[in-house]
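These notes concern the structure reproduced below.
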Amino acid sequence: MDNFENHIPKASIPLIKKWIKELNILVKIKKSRNTKLGDFTVNKKEEYLISINKDLNKYAFLITLTHEIAHAFVWEKYKRKVAPHGIEWKITFKEMMLNFLNADIFPDDLLRPLSKHIKNPKASTVNDYNLSDMLRKYDSNKQLILSEIPDGSVFSTLSGRQFVKLNKLQKRYKCKATDSNKIYLFNPLAAVALLDNK
């Protein structure tokens with residue numbers, strides 16, 4: 001087991017360790033992945049494996065780790081009989097997170113968006129823009145995000161593709177690829193590199 005204790009608030013460690021021991025989960029800390037913050041898998045030996053990105057701040061790490069442990073509890077009870085982020089997972093995750101919803105673990109400014117998030121949790125905290133934006137305040141390496149650059153700016157994504165930021169729709173930004181003129185919808189919190197400010 002990797003030393004995840006260094007990545008989460010101290011007051012949360014005993015309960016997280018209890019859950020991990022109860023289900024005999026192997027936790028691996030991985031380098032940053034652009035497509036996910038963490039994941040839960042079951043191998044051929046029916047062992048539970050969780051991986052979490054090491055670059056998450058301690059609050060995001062705890063939320064993601066709890067999210068993945070909730071998957072393990074749901075799998076233990078239902079196997080493949082329920083949807084991965086269905087009502088069973090939502091209830092389990094909410095009940096688990098309620099243990100941490102206090103000022104000993106989370107700063108005051110995170111308690112309200114986190115309370116709102118666990119009422120109807122999304123498949124990823126990245127899709128909860130309000131909570132994700134508040135969590136960014138605690139990142140040690142802050143990245144420029146799409147919502148911070150002006151409309152009309154040319155930017156590149158982490159993959160190196162270039163786009164022009166257009167206008168915001170309800171939740172996402174319309175952006176035009178410079179190589180094809182195709183329109184794509186972007187999460188406002190997408191990490192970008194500003195190339196030109198028109």
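The values are calculated or read from the model by the stated rules, or taken from the named source; none is laboratory data. It should be emphasised that the depicted structure is a prediction, and the values quoted were computed from it without experimental measurement. FYI the Cβ positions are ideal-geometry reconstructions off the backbone, even for glycines, and counts take in every protein chain you see.
Taken over the stretch 1-60, the residue count meeting the criterion of being under 23 Å from E95 (Cα atoms) and part of a strand (DSSP E or B) is 13.
Check whether at least one residue in the stretch 80-92 is within 18 Å of the chain's Cα centre (by Cα), closer than 16 Å to F61 by Cα and assigned to a loop (DSSP other than H, G, I, E, B), and report yes or no. Within the stretch 80-92, none of the residues are within 18 Å of the chain's Cα centre (by Cα), closer than 16 Å to F61 by Cα and assigned to a loop (DSSP other than H, G, I, E, B). Taken over the stretch 145-163, the residue count meeting the criterion of being under 24 Å from D128 (Cα atoms) and either in contact with a helix residue (DSSP H, G or I) (Cβ under 8 Å, 6 or more places away or on another chain) or outside any loop (DSSP other than H, G, I, E, B) (or both) is 7.
The rows are residues; the columns are (1) buried (at least 18 other Cβ atoms within 10 Å of the Cβ); (2) closer than 23 Å to F106 by Cα.
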position: H7; (1), (2): yes, yes
position: N34; (1), (2): no, no
position: K58; (1), (2): no, yes
position: T64; (1), (2): yes, yes
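As for the stretch 165-177, it holds at least one residue that is out of contact with any Leu (no Cβ under 8 Å at 6 or more places or on another chain), closer than 26 Å to P113 by Cβ, of a type outside the set (A, V, I, L, M) and surrounded by 14 or more Cβ atoms within 10 Å (Cβ to Cβ). Kindly evaluate D109 against the criterion of being in the same structural domain as K30 (by TED's automatic domain parsing), modelled with pLDDT under 95 and either under 22 Å from N130 (Cβ atoms) or in contact with an Asp or Glu (Cβ under 8 Å, 6 or more places away or on another chain) (or both). No: the conditions fail for D109.
Counting the residues of the stretch 177-198 that are within 19 Å of T35 (Cα to Cα), of a type in the set (A, V, I, L, M), assigned to a strand (DSSP E or B) and at pLDDT 90 or above gives 2.
Being at pLDDT 90 or above and either over 20 Å from the mean Cα position of the chain (by Cα) or β-branched (V, I, T) (or both) holds for only one residue in K116, K174, and it is K174.
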